[in-house]
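Since the structure comes first, as structure tokens, the remarks are kept for the end.
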Amino acid sequence: MAKKMKKIHKVRLTVVVIIALAFLLMLFDAPAVYDKSADFVNAKMGTEFSHFSNIPFRLGLDLQGGTHLVYEADTSKVDSDQKGDAVEGVRDVIERRVNAFGVAEPIVQINKAKGKWRVIVELAGISDVKEAINMIGETPLLEFKEQNEEPPRELTPEENVELNQFNKDSLAKAEEALEKVLAGEDFSQVVKEYSDSDIDIETGGDLGWVTEKDPNGFLISNANLDKIELGQVYPEVISRPKGNYVVKFDDKRDGDTEVMASHILICYTGLETCTEETSKEDALTLIQEIKEEATPKNFAQKAKDHSTGPTGETGGDLGWFGKGQMVSEFEDAVYSMEVGDISDVVETQFGYHILHKVDERVVAEYKIAQVYTQAKTETDILPPNDAWKDTGLTGKQLDSARVEFDQNTTAAQVALEFNDEGKQLFAEITTRNVDKQVAIFLDGEPISIPRVNEPIKEGRAVITGDFDVTEAKLLSQRLNAGALPVPINLVSQQTVGASLGAESLTKSLFAGIVGLILVAIFMIVYYRLPGLLAVCALIIYGIVVLFIFKAIPVTLTLAGIAGFILSIGMAVDANVLIFERLKEELRTGKPLGNAVDEGFKRAWTSIRDGNVSTLITCLILAWFGTSMIKGFAITLSIGVLLSMFSAIVVTRQLLYLFVNPDKKSKSTWWFGVNPQNNAKHDAKQR
């Protein structure tokens, strides 16, 4: 008897611990529930309960919005057996660069197709494509160049003939592709047959959702898409200097909202961007006086008369802009205004503003596909007519970079130290360029052009320029992060809007909740009490999984959410196996305790084998798959591991609360076994 009571107390204690732990983890998953309660109690009782730590879920590109960039690495000057290592170096450097700028969970991958190496970069939360490109750098190489004294040349007659014939063949190829799609052939198949873009061949030519401001936006106006029906192909080839295009119009939708606005800025002394000698108090007084007198009719003139910003000469006109292009205070104010309104005073890092909202529009987005055939220009054949030529000394030979200060002027400068190879190259460069200039380029721009007075053989150089300590630190940080071993060219860019990501997340969560409710109803109706306990265990399972997703953290994508929802189904499947075994044991007349033990024991091997095979599949997908597939595999594998714990431990302990291990149950209906089925089974046994 004592042993039996000890076991019951142990079960109860275990259940209490599981529920308490689940409650704490739920607060971590959804702290707003506790925070609202704490605020209510604080307001009523005068207490000072603090808020629970709020760590948001880490969302991927397709849910949070962001930028997808595809770069092509120029490995033409790299030995064939070293190309893989060179591109791997590109990946490492880009990853370090975006990490240095604080981008959460950047995804940088390498892909090789048809002999061309590409680097795919996904930056969640970065909606400004220009910012993303600048962050990575279109040609982020540290280079030392010497003066180019070679005269420029023109195309030879043979090169002219070659250029014209190439472009003629390219146009004919595009026209032939157009004829085929107009005749009814499948567009994606024509893309694979005729397109000169590897990316288009992989995607069937799909460019995704495009606006007129995007790099491919010229196709919208050139093809006059507003006058073409959905699913139709523009009946002419669009020719541009760099190629020919056959365009298909697939869909159209309303995108983000843009506004047209003007502003008047009054800055004050102490701001980095302000050259005016105006106190903050005087600036505020002046902007308030202007606000009192400003009307939509005189706003432009007021801006010309008073604004200290660069747009003052144009009447404060800012043109059209969308979300993410202005500072948050400015953006929040202008988007909350009605067209024609003039705002109250808005303070930003640039000073005091008043805003005039001139107009508002919804930007149309077009889903288009293309067949692209490459064309060439003279610049594709002739070497660049540059005032500077490469010396072979780049950031690859850089050993370290650090900030120093000039002993005479105390100006900040960046000291460079090269490795042995760089030391030799720098000695040769400075020897042949005595009394000449040598330019130091970073990201394709000259940042220092010193004159060489004598050969430098110590392997050290100094970058001087008009920059302060902060800029010098940033430059040394970028140099130490690494220069790219090979140049890269941006070949594709795509922006996923935050509104689209939020819509996808909402739909995914709705689908998951509906599925969970339907599964819960089925389990309770069919298995009764065990089904109800399984639903409780399933809720605990979901709380623990979401906690792990937050704590690791796991970057959630649509594919990852699909993996999580699938793991819920697998958790239910484990419970189904257990309960079916339990019903079989109860039909034999065994006591509930023995039936539960046998049910779990007999179901375990099936659960184990099924989940192990799933985990092996997840391992393969995570090892060889792309970022989307990896997200699916990771969330599914976490869910599968926890589903075994949920079914074998949590559900079992909850069942033990309702089980008398020694007595034969008189009412098996609560456990999904009808009494008449028991009677039939007993008669069959006799």
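The values are calculated or read from the model by the stated rules, or taken from the named source; none is laboratory data. No experiment lies behind these values; they were computed from the predicted model shown. Here the Cβ positions follow ideal geometry from the backbone for every residue, glycine too, while neighbour counts run over all protein chains shown. SASA here: full protein model, heavy atoms, side chains in, ligands and nucleic acids out. Shrake-Rupley method; radii C 1.70, N 1.55, O 1.52, S 1.80 Å.
When Asp399, Asp386, Asp390 are checked against the criterion of being outside any helix (DSSP H, G or I), under 30 Å from Leu163 (Cβ atoms) and open to solvent by 80 Å² or more (accessible area, probe 1.4 Å), a single residue qualifies: Asp390.
For (1) in contact with a helix residue (DSSP H, G or I) (Cβ under 8 Å, 6 or more places away or on another chain); (2) closer than 20 Å to Ile578 by Cβ; (3) at pLDDT below 70; (4) among the β-branched types (Val, Ile, Thr), each residue gets a yes or a no:
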| site | (1), (2), (3), (4) |
| --- | --- |
| Asp609 | no, yes, no, no |
| Met628 | yes, no, no, no |
| Leu636 | yes, no, no, no |
| Val650 | yes, yes, no, yes |
| Leu655 | yes, yes, no, no |
| Val659 | yes, yes, no, yes |
| Trp670 | yes, yes, no, no |
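When the residues of the range 327-348 are filtered to those that are of a type outside the set (Asp, Glu), out of contact with any strand residue (DSSP E or B) (no Cβ under 8 Å at 6 or more places or on another chain) and open to solvent by 30 Å² or more (accessible area, probe 1.4 Å), the one that is modelled with the highest pLDDT is Ser336.
If we keep just the residues of the range 289-307 that are in contact (Cβ under 8 Å) with a residue 24 or more places away in the chain, of a type outside the set (A, V, I, L, M) and outside any helix (DSSP H, G or I), which is nearest to Leu265 (Cα to Cα)? Ranking the candidates gives Ser307 first.
Specify which of the listed residues (Leu171, Leu178, Leu219) is modelled with pLDDT of 90 or more, of a type in the set (A, V, I, L, M, F, W, C), open to solvent by less than 90 Å² (accessible area, probe 1.4 Å) and within 26 Å of Leu490 (Cβ to Cβ). Walk me through it before giving the result.
Numbers: Leu178 fails: within 26 Å of Leu490 (Cβ to Cβ); Leu219 fails: modelled with pLDDT of 90 or more.
One residue alone meets the criteria, Leu171.
Scanning the range 308-326 for residues that are open to solvent by 30 Å² or more (accessible area, probe 1.4 Å) and over 20 Å from Thr269 (Cα atoms) returns Glu313, Thr314, Asp317, Leu318, Trp320, Lys323, Gly324, Gln325, Met326.
Among the conditions (1) exposed (fewer than 12 other Cβ atoms within 10 Å of the Cβ); (2) in contact with a Gly (Cβ under 8 Å, 6 or more places away or on another chain), the only one that His9 does not satisfy is (2).
Residues in the range 196-251 that are of a type in the set (Asp, Glu) and over 28 Å from Lys114 (Cβ atoms): Glu212, Asp226, Glu229, Glu236, Asp251. Output the qualifying pairs, or none if there are none: Cβ atoms under 7 angstrom, residues six or more apart or on different chains, first residue in the range 435-452 and within 11 Å of Phe144 (Cα to Cα), second residue in a loop (DSSP other than H, G, I, E, B) and small (Gly, Ala, Ser). Going by the 7 Å Cβ cut-off, the qualifying pairs are Ile447/Gly465; Ser448/Gly465.
Scanning the range 430-445 for residues that are within 21 Å of Val486 (Cβ to Cβ) and either at pLDDT 80 or above or over 43 Å from the mean Cα position of the chain (by Cα) (or both) turns up Ala439, Ile440, Phe441. Scanning the range 615-636 for residues that are open to solvent by less than 30 Å² (accessible area, probe 1.4 Å) and within 28 Å of Trp604 (Cβ to Cβ) returns Cys618, Ala633, Thr635, Leu636. Residue count for the range 259-276 satisfying the condition of being assigned to a loop (DSSP other than H, G, I, E, B) and open to solvent by 30 Å² or more (accessible area, probe 1.4 Å): 7. When the residues of the range 222-258 are filtered to those that are modelled with pLDDT of 90 or more and among the hydroxyl-bearing types (Ser, Thr, Tyr), the one that is most open to solvent (accessible area, probe 1.4 Å) is Ser239. Can Ala603 be described as small (Gly, Ala, Ser), without any contact (Cβ under 8 Å) to a residue 40 or more places away in the chain and surrounded by fewer than 23 Cβ atoms within 10 Å (Cβ to Cβ)? Considered against the rule, which asks whether it is small (Gly, Ala, Ser), without any contact (Cβ under 8 Å) to a residue 40 or more places away in the chain and surrounded by fewer than 23 Cβ atoms within 10 Å (Cβ to Cβ), Ala603 comes out as yes. Every test in (1) over 30 Å from Pro553 (Cβ atoms); (2) assigned to a helix (DSSP H, G or I) is passed by Phe40 save one, and that test is (1).
Identify, from the list Val16, Val90, Val11, the residue that is modelled with pLDDT of 75 or more and either farther than 30 Å from Ile548 by Cβ or aromatic (Phe, Trp, Tyr) (or both).
Working: Val16 fails: either farther than 30 Å from Ile548 by Cβ or aromatic (Phe, Trp, Tyr) (or both); Val11 fails: either farther than 30 Å from Ile548 by Cβ or aromatic (Phe, Trp, Tyr) (or both).
It is Val90.
The set of residues in the range 420-458 that are among the hydrophobic types (A, V, I, L, M, F, W, C) and more than 12 Å from Leu142 (Cα to Cα) comprises Leu425, Phe426, Ala427, Ile429, Val434, Val438, Ile449, Val452, Ile456.
Condition check ((1) in contact with a strand residue (DSSP E or B) (Cβ under 7 Å, 6 or more places away or on another chain); (2) closer than 23 Å to Thr211 by Cβ) across all residues:
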{"residue": "Thr257", "(1), (2)": "yes, yes"}
{"residue": "His263", "(1), (2)": "yes, no"}
{"residue": "Tyr268", "(1), (2)": "yes, no"}
{"residue": "Thr275", "(1), (2)": "no, no"}
{"residue": "Glu281", "(1), (2)": "no, no"}
{"residue": "Thr295", "(1), (2)": "no, no"}
{"residue": "His306", "(1), (2)": "yes, no"}
{"residue": "Thr314", "(1), (2)": "no, no"}
{"residue": "Gly319", "(1), (2)": "yes, yes"}
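Just one of the listed residues (Thr379, Thr394) is among the polar types (S, T, N, Q) and more than 30 Å from Glu193 (Cβ to Cβ), and it is Thr394.
Looking across the range 322-344, the residues that are under 11 Å from His263 (Cβ atoms) and of a type in the set (A, V, I, L, M, F, W, C) come down to Met326, Phe330, Ala333, Val334, Ile342.
Here is a yes/no grid of residues against (1) over 26 Å from Glu445 (Cβ atoms); (2) in contact with a helix residue (DSSP H, G or I) (Cβ under 7 Å, 6 or more places away or on another chain); (3) at pLDDT below 75; (4) of a type outside the set (Asp, Glu):
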residue: Phe52; (1), (2), (3), (4): yes, yes, no, yes
residue: Asp62; (1), (2), (3), (4): yes, yes, yes, no
residue: Gly102; (1), (2), (3), (4): no, no, yes, yes
residue: Asn111; (1), (2), (3), (4): yes, no, no, yes
residue: Asp128; (1), (2), (3), (4): no, no, yes, no
residue: Leu141; (1), (2), (3), (4): no, yes, yes, yes
residue: Phe144; (1), (2), (3), (4): no, yes, no, yes
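Residue by residue, here is whether (1) over 30 Å from Lys112 (Cβ atoms); (2) part of a helix (DSSP H, G or I); (3) touching a residue at least 60 places away in the same chain (Cβ under 8 Å); (4) aromatic (Phe, Trp, Tyr) holds:
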| position | (1), (2), (3), (4) |
| --- | --- |
| Arg581 | yes, yes, no, no |
| Glu584 | yes, yes, no, no |
| Lys590 | yes, no, yes, no |
| Gly599 | yes, yes, no, no |
| Cys618 | no, yes, no, no |
| Met628 | no, yes, yes, no |
| Ile638 | yes, yes, yes, no |
| Leu642 | yes, yes, yes, no |
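Take the residues in the range 369-403 that are charged (D, E, K, R) and farther than 17 Å from Val438 by Cα, then tell me which one is farthest from the chain's Cα centre (by Cα). Step through it out loud before you land on a result.
At the first step, the residues of the range 369-403 found to be charged (D, E, K, R) are 376, 378, 380, 386, 389-390, 396, 399, 402.
Next, from what is left, pick out any that are farther than 17 Å from Val438 by Cα: 376, 378, 380, 396, 399, 402.
Values: Lys376: 34, Glu378: 37, Asp380: 34, Lys396: 29, Asp399: 32, Arg402: 32 Å.
Restricting to residues being charged (D, E, K, R) and farther than 17 Å from Val438 by Cα, the top hit is Glu378.
Among residues that are in a loop (DSSP other than H, G, I, E, B) and either open to solvent by 70 Å² or more (accessible area, probe 1.4 Å) or in contact (Cβ under 8 Å) with a residue 24 or more places away in the chain (or both), Phe23 is not included.
Of everything in the range 181-195 that is hydrophobic (A, V, I, L, M, F, W, C) and open to solvent by 50 Å² or more (accessible area, probe 1.4 Å), the residue that is farthest from Lys376 (Cα to Cα) is Ala183.
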